[in-house]
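Quick notes on the structure that follows.
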Amino acid sequence: MRVSMDLELKDIPGQLVLALKPVSEFKGNLISVVHHHEKRTPRGKIPVHLVFEIKSDHLDNIISLLEESGISVVSVDEKRYLEHGAVILIGHIVHTDIQDTIDKIDNTGYAEVVDLNLAMPRINRPSSASLKIDAVSKEYLSAAIELLKSIARDKDLLVIEPIRVN
Amino acid sequence: MKTIRASIIGFGAVGRGVAQVLLDKNDYLRSIGIDMKVIAIADSRTAVIDPHGVDLACVLSGKKETGTVGSKTISGTEIIRTMDHELVIETTPTNIETGGVGLVNMLAAFESGRDVVTSNKGPLALKYGEVIAAAKRSGSHCRFEATVGGAMPVINLACDVLAGNRVISMEGIFNGTCNYILSRMMEEQAPYEQMLAEAQELGIAEKDPSYDVEGIDTASKLVIVANSIFGMNASYKDVTVTGITRITPEALSLANADGFAIKLIGEVNDGKINVAPKLVPLSHPLSVGGTLNVFSVQTDLAGPITITGRGAGSIETASAILSDIISIYKN
């Protein structure tokens, strides 16, 4: 997931490195670091804004490590789902237990079905649905679509996925 | 001036288109130093032969009136084996199960040391390696631009025009019949069966449409692309294929509401060959309508290159054949 974090550093040398170390220790991927040296806080500290990607179970460890090194964590904002995908399903979507299809995606922990539009023209005719799936990353979105395809094979549904866009 | 003696084997829509184009472009061909002389034409039943050059206009009108090419009963394969000429223009119908007479003709041509320009997918989709090896053994040219994407330059674009580039992946719409049916289903909110019937009425779909709508035609073309552009050693069985018969008008509307069209996309990517209906963003270059074909390659230097054009038609396919002929003989 992507985390955006506001920190406050003491105005002494070596503080920025100290602030970045826990992120790198837990294999986080730094996206941006903005060091507001000119904007002191009323307490005389220097505000720093960090954005990084990290596995969600490491976030608490990073926060504790920062606090242990005397860095104030002012705010933490997580954005869990970065990727949005859409697929179309065709077949007997409802009669093959639509709840089960959605649950299997939701239970992955890395993707969720966030929208479903269903068209059922007539009894005994195949239904069509558009499904929106959010996932934590591009790789996990592909994994969720692969999972959906394997569920669809068992339930004889056709999955229409988007082309790769370069 | 170089005289090239050619036979046209197969005189359906494509063969007739070739004859017409050779007639129309005779002056141009002579201006670049090529004197094309068609010494024999054969269809599945009859043939016409003249070592001094067949009168193309006469054969074309004869075929129109009587349905036959000439009075001789010699087969195309016999012509290839027995008559002295440089080039075999192989335009017999595709047989995707065995390669059919097309395969026999191509191998016979190479055995006799002749060059081949063809629009026949079957032999190349089934036995690419064998056909190319036979051509190499005899030092013959074998060109087949017309097998993929009709008028669109696909193989020659990737192999000649973009020379030096590494082609990373490619995708496209290679079947005009499927594209027509899907485009019309969306426009009319009509079921598949109804738009298939319309396509059949207009002559866009065959009476037995399975070759097109099940994705078999697209898969055959992809095999040729995979082998010739990507240097793979693939055959038809290596392609995963899903056709368009299950697509519903509701699915097309739902996709459209999200900003997508549904298209039968063929792709070669990462060593995998795949044919399946896919969601294509409406603003994407691959989102072309009607019977159009479109083809996009990702290359390491030039980036993405996309071209669109008519994927079928008598004169359009003959255009690809003519360009192959010229590229063999102009130097």
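Read-outs throughout are calculated quantities, based only on the coordinates presented, and are distinct from any laboratory measurement. As the structure is a prediction and not an experimental result, all values here were calculated from the model. Cβ coordinates were reconstructed from backbone atoms using ideal geometry, including for glycine residues, and neighbour counts include every protein chain displayed.
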Efficiency by 1/(1 + (r/R0)^6): what FRET value for A:Leu147 and B:Thr82, r their Cβ-Cβ distance, R0 = 45 Å, to the nearest 0.05? 0.15
Rounded to two decimal places and with Rh computed the Kirkwood way over Cα pairs, what is Rg over Rh for chain A? 1.19
Partner chain Cβ atoms within 10 Å, averaged over the residues of B:274-283 - can you pull that number for me? 3
In degrees, nearest ten, helix B:314-329 long axis to first principal axis of chain B (Cα): 60 degrees
Averaged over every viewing direction, what's the projected area of the C-alpha convex hull for the range A:83-160? Give it in nm², one decimal, please. 4.4 nm²
Output ³J(HN,Hα) for the range B:265-280: one whole-Hz value per residue in order, computed from phi by the Karplus curve 6.51 cos²θ - 1.76 cosθ + 1.60 with θ = phi - 60°, and x for Gly and Pro. 9, x, 9, 10, 8, 6, x, 10, 10, 9, 10, 6, x, 9, 7, 10
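Assuming R0 = 22 Å, what is the FRET efficiency of A:Asn124 and B:Ala197, from their Cβ-Cβ distance, to the nearest 0.05?
0.55
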Using the Kirkwood radius over Cα pairs, work out the Stokes-Einstein diffusion coefficient for the range B:182-232 at 4 °C and 1.567 mPa s, in µm²/s as a whole number. 104 µm²/s
Once the Cα gyration tensor of chain B is diagonalised, what are the square roots of 5 times its eigenvalues, in whole Å and ordered largest first, as equivalent ellipsoid semi-axes? 35, 23, 18
Largest fluctuation, A:Val17, A:Val113, A:Val136 only, Gaussian network model of chain A with Cα springs under 10 angstrom, belongs to A:Val17
Going Cα to Cα from B:Lys221, which aspartates and glutamates come in below 13 Å? Please leave out same-chain ones fewer than 8 positions away. B:Glu145, B:Glu171, B:Asp212, B:Asp238, B:Glu267
Averaged over A:154-165, how many beta carbons belonging to a partner chain fall within 10 Å of each residue's beta carbon? 5
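Ranked from highest to lowest mean number of other Cβ atoms within 10 Å per residue, what is the order of the peptides B:304-313, B:90-99, B:10-19?
Ranking the peptides B:304-313, B:90-99, B:10-19 by packing returns B:10-19, B:90-99, B:304-313.
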Evaluate the charge dipole of chain B about its Cα centre and quote only its size in Debye, nearest 20, assuming +1 on the Cβ of each Lys and Arg and -1 on the Cβ of each Asp and Glu. 800 debye
Given the pairs B:Lys2/B:Lys136; B:Lys25/B:Lys64; A:Lys132/B:Lys127; B:Lys127/B:Lys207; B:Lys63/B:Lys278; B:Lys2/B:Lys207, which span a C-alpha to C-alpha distance of over 32 angstrom in this model? A:Lys132/B:Lys127; B:Lys63/B:Lys278; B:Lys2/B:Lys207
Evaluate 2.2 N^0.38 Å with N set to the residue count of the protein assembly as shown, then give the Cα radius of gyration divided by it. 1.28
Radius 9 Å from Cβ of A:Val3, net charge of other residues (Lys, Arg +1; Asp, Glu -1): -1
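Please report, in debye to the nearest 20, how large the charge dipole of the range B:25-163 is about its Cα centre when each Lys and Arg carries +1 at its beta carbon and each Asp and Glu carries -1 there.
That gives the range B:25-163 a dipole magnitude of about 140 debye.
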In Hz, Karplus ³J(HN,Hα) per residue of the range A:81-86 (6.51, -1.76, 1.60; θ = phi - 60°; x = Gly, Pro): 9, 9, 10, 10, x, 10
Mind checking the mean number of beta-carbon atoms from other chains within 10 Å of the Cβ atoms in A:116-125? 2
What three numbers, in Å, describe the spread of the alpha carbons of the range B:164-309 along their principal axes, ordered from the longest? 45, 32, 23
Sorted by average packing, counted as other Cβ atoms within 10 angstrom per residue and highest first, what order do B:185-198, B:245-258 take? B:245-258, B:185-198
Karplus couplings for the range B:286-301 from phi (6.51 cos²θ - 1.76 cosθ + 1.60, θ = phi - 60°), rounded to Hz, Gly and Pro as x? 6, 7, 10, x, x, 9, 5, 10, 8, 8, 10, 10, 9, 10, 6, 9
One finds the C-alpha centres of the range B:246-267 and the range B:35-106 to be spaced, in Å, by 43 Å
With a 10 Å radius around each residue's Cβ, average the other Cβ atoms per peptide and rank A:123-134, A:41-52, highest first. A:123-134, A:41-52
Averaging over every viewing direction, what projected area does the convex hull of the Cα atoms of the range A:2-79 cover, in nm²? 4.7 nm²
Which of the lysines could a cross-linker bridge to A:Lys45, judged by Cα under 24 Å and excluding same-chain residues fewer than eight apart? A:Lys10, A:Lys21
Taking +1 at the Cβ of each Lys and Arg and -1 at the Cβ of each Asp and Glu, which of B:Gly243, B:Tyr180, B:Thr92 sits farthest along the dipole of chain B towards its positive end, judged by Cα position relative to the Cα centre? B:Thr92
How tilted is helix B:121-138 with respect to the longest principal axis of chain B? Cα atoms for both, answer in degrees (0 to 90, nearest 10). 40 degrees
Which value results when the Cα radius of gyration for the range B:1-85 is divided by 2.2 N^0.38 Å? 1.04
Could I have the simple spin-label model distance between A:Asp11 and B:Ala57, label points 7 Å from Cα toward Cβ, reported in nm to one decimal? 9.6 nm
Counting only DSSP beta bridges with both residues in chain B, what percent are antiparallel, rounded to the nearest 5? 60 percent
Helix B:192-201 versus the longest principal axis of chain B: what angle, 0 to 90°, nearest 10, using Cα atoms? 30 degrees
